[in-house]
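Since every read-out is calculated from the coordinates, none of them should be taken as a lab result. It should be emphasised that the depicted structure is a prediction, and the values quoted were computed from it without experimental measurement. Note that we place each Cβ from the backbone using ideal geometry, even for glycine, and neighbour counts take in every protein chain shown.
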Amino acid sequence: MCAETINAVNKHRQMTGKGVQTMAKAVKNDGRQIIRIFDTTLRDGEQAPGNSMNIEEKLRIARQLQKLNVDVIEAGFPIASEGDFEAVKKIAQTIKGPEIAGLCRSSEKDIDRAWEALKYAGEKGRIHTFIATSDIHMKYKLQMEPAKVLASAVKAVKRAASYTANVEFSCEDAVRTRLPFLAEVVEAVIAAGATTVNIPDTVGYTIPFEYFNIIKYLKDNVPNIDKAIISVHCHNDLGLSVANSIAAIQAGARQVECTINGIGERAGNCSLEEFVMILKTRRDILPFASNVVTEQLTPASRLLTAVTGIGVQPNKSIVGANAFAHEAGIHQHGMMMEKTTYEIMTPESVGLLASALVLGKHSGRHAFKKRLEELGHDLDDVKLNRAFDRFKDLADLKKEVFDEDLDAIVSDEAREEDLYKLDHVTVTCGSFAVATATVQMEVNGVTVRTAELGDGPVDSTFKAIKKLTKSKSKLTQYNVGSITGGTDAQGEVTVRVSEGKHSVVGKGASTDIIVASAKAYIHALNRLHSRQKRFIDAV
């Protein structure tokens, strides 16, 4: 770069550095220190099996994260594939408010590619670069000596800082790193221009008091630690990701990296909804707060479920179906007398409306659109019209239409550019008849039709779909559930299909369980095709 550009970058870095220090000490009016929320649903979350998303789906999630008011959205790993690059670029161009981060290894090629996508976010574009620092990773994965790892980290941060003052550096597998070396790396990357340093529990190994001591060690032994925000990124392999994140902020960390519904590699990441509601609920002993609009938590959870096809268990904290349900008699009596006897937070505080019935067959398009927006769904006019027509059809079949029904409708209509589309399915079966399914569908815009025999209506339907799509995939999971109560409820089917190294989840809903099964299977095959295409593009 020319001298003028270098001077401009240095000036920008100095100004942003002051902003970072101010941000690290930011407090709310009541004196509570702000914990920055770094959401990595679209990067770490998407890396989990079955969670892959296309560009449009990522943008939908990003818009909901904007409504949540998270501080940073990690939009992807730009160099991983052309699809990931375009998704990060699109989000950087579209989303206003949160900072937009892109992950990259400590190589010039990765960093250059990341900034090519992030530059559209301007000063809010964050380059997030990393390298492993634990002995086990350096020896077996990197096959590098500590001195070389340190030099690589510094070089990467300097490269990133030549593009932007908003640089985050992560010491991968930090909790299994020798503390003196960890401190050395942190000091060096801050001196090189990192304004955020991440101390991740990459493999979910640590426990709260140990993690507290690691953060405290860095606070006490890194001379320039006040020049950067300490971030933490915890995995849930031992079920301690949220507890570890709480311990870290008590020790001085001021950014927590997390995901909606806690999705992510292996057992997942720190759950965003759990972490922020702990801060909000335990204000009596935790002097911290976040900028998150907690009323958007349930819409965010439902939207992610609709996009990925992976639901949350009923007893999931904050957003699970049973989180605010009370069945035991003594609990119900207490709730009728005073809600706080058994509820430590209100359903409304996390975006869950008290009324179950939202819309009926006499509801209009305006009310329908407004409710979808409240649930976190943002459809264009074409998809909205299709969804409204489906809503009217469903309202004629059901006495009550619930939010969960609307989520299922939107989940179907939001899918676009699908290779396979279901037209109709007809099944004949019975105690003394061999099940026969006739399936008509579109394959890449061409209408095709076939009939197959099978061991039951679902088996015959799946055989027909597999024949029409020429799929070589294997069905590894099939689950049936009811979206709401009653015999007129929509059935919800979840399937998992695998082929080679790829495994994806598909979801479908209908008042006819065979149609729901067909939709779920076709959804999974579309996701599998998209996943395979992205893999080929990356290669």
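The table for this structure:
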| quantity | calculated |
| --- | --- |
| Overall Cα dimensions of the chain - principal axes, largest extent first, Å | 79, 61, 41 |
| Within the chain, longest stretch clear of exposed trypsin sites (Lys or Arg not before Pro) (DSSP loop, no more than 15 other Cβ within 10 Å) | 179-265 |
| Inter-probe distance in nm under a simple model that places probes 7 Å from Cα toward Cβ, at THR438 and THR487 | 2.8 nm |
| LYS148-LYS392 pseudo-label distance in nm [points 7 Å out on the Cα-to-Cβ vector] | 6.8 nm |
| Over the stretch 28-308 - Rg/Rh using Cα atoms and the Kirkwood inverse-distance radius | 0.94 |
| HN-Hα J in Hz across the stretch 294-299 - Karplus 6.51, -1.76, 1.60, θ = phi - 60°, x for Gly and Pro | 5, 5, 9, 5, 5, x |
| For q = 0.23, 0.24 Å⁻¹, Debye-computed log10 I/I(0) when each Cα of the stretch 48-150 counts as one equal scatterer | -1.10, -1.16 |
| The stretch 233-276: radius of gyration and largest Cα-Cα distance (Dmax), Å | 9.4, 27 |
| Too-long pairs where the Cα-Cα distance tops 27 Å, listed order kept, from LYS316/LYS383; LYS474/LYS533; LYS280/LYS369; LYS316/LYS472; LYS472/LYS533; LYS474/LYS519 | LYS316/LYS383; LYS280/LYS369; LYS316/LYS472 |
| At R0 = 25 Å, FRET efficiency that the Cβ-Cβ distance of ILE285 and GLN313 yields, to 0.05 | 0.35 |
| Principal-axis tilt of helix 146-161 within the chain, Cα atoms, nearest 10 degrees | 80 degrees |
| Positive-end residue of ALA524, PHE462, ALA451, charge dipole of the stretch 420-538 with Cβ unit charges | ALA524 |
| Ascending count of other beta-carbon atoms within 10 Å, so fewest first, for THR511, THR426, THR40 | THR426, THR511, THR40 |
| Rounded to 10°, Cα long-axis angle of helix 179-192 versus longest principal axis of the chain | 80 degrees |
| Dipole magnitude of the chain, debye to nearest 20 (Cβ charges: Lys/Arg +1, Asp/Glu -1, about Cα centre) | 980 debye |
| DSSP loop GluC sites (Glu not before Pro) with at most 16 other Cβ within 10 Å: longest gap in the chain | 1-326 |
| Histogram of C-alpha separations across the stretch 419-539, 10 Å bin width, % | 14, 43, 33, 9, 1, 0 |
| Under 18 Å from LYS28, Cα to Cα: aspartates and glutamates that are on another chain or at least 8 residues apart | ASP71, ASP284 |
| Cα→Cβ-extended label distance, 7 Å offset, between GLU295 and MET345, nm | 1.5 nm |
| 0 to 90° range, to nearest 10: angle between helix 108-118 axis and the chain longest Cα axis | 60 degrees |
